[in-house]
Amino acid sequence: MTPPLLSVVVIGRNEGARLTRCLQSVALLRTVPGPIEVIYADSNSTDGSPARAGEMGAIVLEVNPVRPTAAIGRNAGWRAARGEYVMFLDGDTIVHPDFAATAIQALSDAKVAIVWGHRREIRPQDSLYNRVLDLDWIYAPGDTEFCGGDAVMRRAVLSDADGYDENLIAGEEPEMCRRVRAKGWRILHIDVPMTGHDLAMTRWGQYWKRATRAGYAYAQVSARFRGTGDPFWEDDRRRNISRGRFWIGLWALCALASLVTLTIWGVAFAAMVTTALALRSAWKARWKCGDPLTLILYGYHSHLQQIPILIGQWQYARDVRQGQTRGLIEYKEPAP
């Protein structure tokens, strides 16, 4: 029996040296049962990424859309792929050498369509943002509702689902996974290392923009399935609206109280409430990390990110009312 071909689809936009590192990691994959083809789908890079990938032996696709999205690159990649299995990678990741083989073995279960593992930050020590957001990648293993951008999938399932929705600027993986699950397939998160990710976040503006994009995705994806038997992300959307309004209202009222009374007590009260809830969230997340300081910072992040996420939802609602189409929300700067 001929071993199955694995197609590795890497997407990128101005990843520079990060792309080189990603493709080098693909070349180090081991114990994969069959041959491997590597496809790089580039979205309007201006840093020479297509030439860089071609020199490293990848099949290069330049999609060059007017409105670039990750979904467009991924669709171009899997549609050009010849493999029975497709492994998707972002250009800012490094794949673990054993993940592909382990994922293909998990796909021997005929009901499993998608397999993914643990993604972690490569350099969490570089900034507080990297350190905290590293915990956002940690999920318990087992059956899940969705996967992230890195995963191994059956090509036949991608074809049956008609791939990713290219109109989404974010959240395209969970949206497609929702449609895949509706057809009776399973999505499996396995307890093994999958990829290292280079968030490269050093500024507050990047953090804010990334959270805003998440809110936009919550609103846009949940709107697709509202009123169905499986209103995907609708609870998340409503929960964020309540929490985001709470935090805006709390800090606004307490700041106003401090101004009126010419004391710090209003702001101090808001800070105490924020800290108490952050500590509670840190305690709940202790299974993710053993470092108390990281957990406390993660607790603050879990609550305060609700404000930019809510703003992202408001931006989506405004775009719908005005009939506008928003372009890609990029938080990462081009790599050198």
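Quick rundown of the values:
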read-out	value
Every residue from segment 2-44 that is part of a loop (DSSP other than H, G, I, E, B) and under 22 Å from GLU173 (Cα atoms)	ARG13, ASN14, GLU15, SER43, ASN44
Residue in segment 81-98 that is assigned to a helix (DSSP H, G or I), at pLDDT 95 or above and not β-branched (Val, Ile, Thr) present	no
Selected residue (only one of TYR164, TYR207 is within 28 Å of THR102 (Cβ to Cβ), crowded, with 21+ Cβ neighbours inside 10 Å and of a type in the set (Ser, Thr, Tyr))	TYR164
Subset tally (residues that are under 24 Å from the mean Cα position of the chain (by Cα) and in contact (Cβ under 8 Å) with a residue 60 or more places away in the chain) for segment 247-286	1
Residue in segment 123-144 that is without any contact (Cβ under 8 Å) to a residue 40 or more places away in the chain, among the polar types (S, T, N, Q) and on the phi < 0 side of the Ramachandran plot present	yes
Residue list for segment 223-265, restricted to those being modelled with pLDDT under 95 and of a type in the set (Gly, Ala, Ser)	ALA223, GLY227, GLY229
Total residues in segment 104-123, condition of a type outside the set (Val, Ile, Thr), crowded, with 18+ Cβ neighbours inside 10 Å and touching an Asp or Glu at 6+ places or on another chain (Cβ under 7 Å)	3
Conditions (1) in contact with a Cys (Cβ under 8 Å, 6 or more places away or on another chain); (2) within 29 Å of PRO65 (Cβ to Cβ); (3) not in a loop (DSSP other than H, G, I, E, B); number of the one not met by LEU135	(2)
Test for ALA113: is it part of a helix (DSSP H, G or I) and farther than 29 Å from LEU304 by Cβ	no
Within segment 45-63, tally of residues that are more than 13 Å from GLY12 (Cβ to Cβ) and assigned to a loop (DSSP other than H, G, I, E, B)	1
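The values are calculated or read from the model by the stated rules, or taken from the named source; none is laboratory data. Please read these numbers as outputs of a predicted model, since none were measured by experiment. In this analysis, Cβ positions are derived from the backbone assuming ideal geometry, glycine residues included, and neighbour counts consider all displayed protein chains.
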